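One structure is given here, and the rest of the page talks about it.
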Amino acid sequence: QVQLVESGGGLVQAGGSLRLSCAASGRTFTSYVMGWFRHTPGKEREFVGYITSSGGRAYYDDSVKGRFTISRDNAKNTVYLQMNSLKPEDTAGYYCAAAPYGATREANGYGYWGRGTQVTVSA
């Protein structure tokens, strides 16, 4: 089992940057593909991207490709989401999640979720 806690959200102007962190507890962190999702009330939860357990490969939704970068530090049990060139439409709660069974963009493939951190991008 793993517990996840996100941090780093806040208010930023369009074109700005933020880096989110997701700290994991538990000795099996390196076993999990780690994903990021976002959610805005009234909308479906949206896949942002994931990174493989080794950190060797990351995959992104087209909406963030080229602007967002996912990385992980397995020694620190932490995964990061670097967000550049932010747009107002990136405003959402951002959630990290752990997938025990392999890489997927489907939310139901993730068994553990953090409580999220809010990102607000002003125009």
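The values are calculated or read from the model by the stated rules, or taken from the named source; none is laboratory data. Owing to the predicted nature of the structure, the values given are computational and were not obtained by experimental measurement. Here the Cβ positions follow ideal geometry from the backbone for every residue, glycine too, while neighbour counts run over all protein chains shown. The area values use the complete protein model at the heavy-atom level, side chains included, leaving out ligands, DNA and RNA. Shrake-Rupley method; radii C 1.70, N 1.55, O 1.52, S 1.80 Å.
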| said: Which condition from (1) β-branched (Val, Ile, Thr); (2) modelled with pLDDT under 95; (3) touching an Asp or Glu at 6+ places or on another chain (Cβ under 8 Å) is the one that Thr104 breaks? | reply: (3)
| query | Limited to region 83-92, what total is found for residues that are closer than 13 Å to Trp36 by Cα and open to solvent by 60 Å² or more (accessible area, probe 1.4 Å)? | reply | 0
| remark: Within region 100-123, residues touching a Ser or Thr at 6+ places or on another chain (Cβ under 8 Å) and closer than 27 Å to Ser85 by Cβ come out as Ala103, Tyr110, Thr117, Val119, Thr120, Val121
| remark: Flagged in region 27-47 as touching a strand residue (DSSP E or B) at 6+ places or on another chain (Cβ under 7 Å) and either β-branched (Val, Ile, Thr) or part of a strand (DSSP E or B) (or both), in numbering order, are Val33, Met34, Gly35, Trp36, Phe37, Arg38, His39, Thr40, Glu46, Phe47
| Could you list, in sequence order, the residues of region 93-104 that are surrounded by 16 or more Cβ atoms within 10 Å (Cβ to Cβ) and not in a strand (DSSP E or B)? | Ala103
| field | Output for region 27-42, where each listed residue is in contact (Cβ under 8 Å) with a residue 24 or more places away in the chain and either among the acidic types (Asp, Glu) or surrounded by fewer than 17 Cβ atoms within 10 Å (Cβ to Cβ) (or both) | value | Thr28, Thr30, Ser31, His39, Thr40
| message | Here are the criteria: (1) of a type in the set (S, T, N, Q); (2) surrounded by fewer than 18 Cβ atoms within 10 Å (Cβ to Cβ); (3) over 18 Å from Glu44 (Cβ atoms). Tell me which single one Asn108 does not satisfy. | response | (3)
| query | Just one of the numbered conditions (1) closer than 17 Å to Thr117 by Cα; (2) surrounded by 16 or more Cβ atoms within 10 Å (Cβ to Cβ); (3) among the aliphatic types (A, V, I, L, M) is not true of Val5; which one? | reply | (2)
| query | Applying the selection to region 111-123, what residues are surrounded by fewer than 19 Cβ atoms within 10 Å (Cβ to Cβ) and in a strand (DSSP E or B)? | reply | Tyr112, Trp113, Gln118, Thr120, Ser122
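Here is a yes/no grid of residues against (1) more than 14 Å from Leu18 (Cα to Cα); (2) in a strand (DSSP E or B); (3) open to solvent by 60 Å² or more (accessible area, probe 1.4 Å):
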{"residue": "Gly49", "(1), (2), (3)": "yes, yes, no"}
{"residue": "Gly55", "(1), (2), (3)": "yes, no, no"}
{"residue": "Lys65", "(1), (2), (3)": "yes, no, yes"}
{"residue": "Thr69", "(1), (2), (3)": "no, yes, yes"}
